[in-house]
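Here the structure comes first, spelled out in structure tokens, and everything after it is commentary.
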Amino acid sequence: MLGHMHRRAFGHMGEVPAIGQGTWKMERDDRDEAIAALRRGLGLGLAHIDTAELYGAGDVEGLVGEAIAGRRDEVFLVSKVVPEHATYEGTLRACDKSLRRLRTDRLDCYLLHWPGSHALVDTIRAFEQLRRDEKIRSWGVSNFDVAELDAALEISGPGRIACNQVLYHLDERGVERALLPWCANHGVALVAYSPFGAGNFPSERTARGRVLSEVARSRGATPRQVALAFLLRHPSVFTIPKAARVAHIEENAGAADLVLTGDEIRRIDTEFPRSDSDSLRMI
Ligand code: NAP
């Protein structure tokens, strides 16, 4: 059973579980196992499934569609349009294709994958049209820095941007400086992608890795659970670790009830200091 702490306000969209499931590169995993992992995640309450038309050139959306078949109402389903498609018409078309591959009639949130060269005003106009058509329940952005968020807000007005999905893990804490406060002030969820450093998780053979292990051991948790709890210490943050194995999903779900103490947070903060730069990095 997941604790109450697990759910939090996702922008203006009501409550969504803080830990979700990523799907990048899942086309390379054993398909049956990946589908079983996604389903196990749903069973454990990891309802937020993040995908994109880009992933496996549509194949991952197909895989997700299979995983959520018959369980659509349990899912907070997010997909993304690539910037190359993000004209007004192109966005409408891309969304229809994603819906078909996902075998559903609606997305819970639809994101612009990263800022591109097409006019943002046209992408947002398409998002608003899709919302009126009930093909998406909300929309957001990804890899937007503060200036880009300001520009989006200027176009959309308040209460429209549900989230900004950005790179955020222990070795990449630049978003804490300006982006996270911006999101908190404007009621925009900050979704941390690559929370385990995209597979480059601190090794236990390093001093820093050992700190994570020590905190983990003293809490009856694992280092990855401690890492997720550290990212989730701020109430505007959500995270979407990707796992194509049931055991990994179960471990990640176990982080939902872990709340670090002030001392534990300070120890981790010292070992994984945030850089001075607040320029936003993309993976
Ligand atoms: P990640 O979640 O930081 O790391 C994924 C890796 O960690 C996989 O190799 C996975 O292995 C492994 N893993 C997961 N749980 C584990 C556990 N409990 N124990 C050991 N290993 C574990 O990397 P990511 O996939 O880059 O990021 C997460 C999601 O964010 C993506 O899948 C995608 O949905 C999203 N994302 C978005 C953007 C964007 O531009 N918006 C960019 C990157 C990522 P297995 O798969 O073998 O279980």
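If the requirement is being open to solvent by less than 10 Å² (accessible area, probe 1.4 Å) and free of Cβ contacts under 8 Å to residues at least 60 places away in the same chain, which of these qualifies: 227, 147?
Details: 147 fails: open to solvent by less than 10 Å² (accessible area, probe 1.4 Å).
After ruling out the rest, the residue left standing is 227.
If I ask for residues that are of a type in the set (Asp, Glu), surrounded by fewer than 23 Cβ atoms within 10 Å (Cβ to Cβ) and in a strand (DSSP E or B), which ones from region 14-66 would you list?
15
Would you confirm whether any residue within region 42-51 is among the hydrophobic types (A, V, I, L, M, F, W, C) and more than 18 Å from the chain's Cα centre (by Cα)?
There is no residue in region 42-51 that is among the hydrophobic types (A, V, I, L, M, F, W, C) and more than 18 Å from the chain's Cα centre (by Cα).
Tally the residues that are more than 15 Å from residue 267 (Cβ to Cβ), more than 9 Å from the ligand (Cβ to nearest atom) and of a type in the set (Val, Ile, Thr), restricting the search to region 222-236.
Counting residues in region 222-236 that are more than 15 Å from residue 267 (Cβ to Cβ), more than 9 Å from the ligand (Cβ to nearest atom) and of a type in the set (Val, Ile, Thr) gives 0.
Checking residue 201 against (1) within 16 Å of the ligand (Cβ to nearest atom); (2) surrounded by fewer than 17 Cβ atoms within 10 Å (Cβ to Cβ), which test does it fail?
Only one criterion in (1) within 16 Å of the ligand (Cβ to nearest atom); (2) surrounded by fewer than 17 Cβ atoms within 10 Å (Cβ to Cβ) is unmet by residue 201, namely (2).
Filtering region 154-183 down to residues that are under 23 Å from residue 117 (Cβ atoms) and open to solvent by less than 40 Å² (accessible area, probe 1.4 Å), which residue is nearest to the chain's Cα centre (by Cα)?
Kept after step one, since they are under 23 Å from residue 117 (Cβ atoms), are these residues of region 154-183: 154-156, 160-161, 163-167, 179.
Filter once more, keeping what is open to solvent by less than 40 Å² (accessible area, probe 1.4 Å): 156, 161, 163-167, 179.
Values: 156: 22, 161: 15, 163: 9, 164: 9, 165: 6, 166: 8, 167: 9, 179: 15 Å.
Within region 154-183, the match that is nearest to the chain's Cα centre (by Cα) is 165.
Considering region 236-266 alone, what residues qualify as being of a type in the set (Lys, Arg) and crowded, with 17+ Cβ neighbours inside 10 Å?
242, the sole residue that qualifies.
The conditions are (1) part of a loop (DSSP other than H, G, I, E, B); (2) in contact with a helix residue (DSSP H, G or I) (Cβ under 8 Å, 6 or more places away or on another chain), and residue 227 fails exactly one of them. Which is it?
Only one criterion in (1) part of a loop (DSSP other than H, G, I, E, B); (2) in contact with a helix residue (DSSP H, G or I) (Cβ under 8 Å, 6 or more places away or on another chain) is unmet by residue 227, namely (1).
With respect to residue 96, determine if the residue is within 29 Å of residue 273 (Cα to Cα), open to solvent by 50 Å² or more (accessible area, probe 1.4 Å) and either of a type in the set (Phe, Trp, Tyr) or over 15 Å from the mean Cα position of the chain (by Cα) (or both).
Spelling it out, it is not the case that residue 96 is within 29 Å of residue 273 (Cα to Cα), open to solvent by 50 Å² or more (accessible area, probe 1.4 Å) and either of a type in the set (Phe, Trp, Tyr) or over 15 Å from the mean Cα position of the chain (by Cα) (or both).
For residue 82, state whether it is touching a Cys at 6+ places or on another chain (Cβ under 7 Å) and open to solvent by less than 30 Å² (accessible area, probe 1.4 Å).
Here the answer is no, as residue 82 does not meet what is asked.
The values are calculated or read from the model by the stated rules, or taken from the named source; none is laboratory data. Worth saying up front: this structure is predicted, and the values here are computed from it rather than measured. We place every Cβ from the backbone using ideal geometry, glycine too, and count neighbours over all the protein chains shown. What goes into the accessible areas is simple: the full protein's heavy atoms, side chains included, and nothing from ligands, DNA or RNA. Shrake-Rupley method; radii C 1.70, N 1.55, O 1.52, S 1.80 Å.
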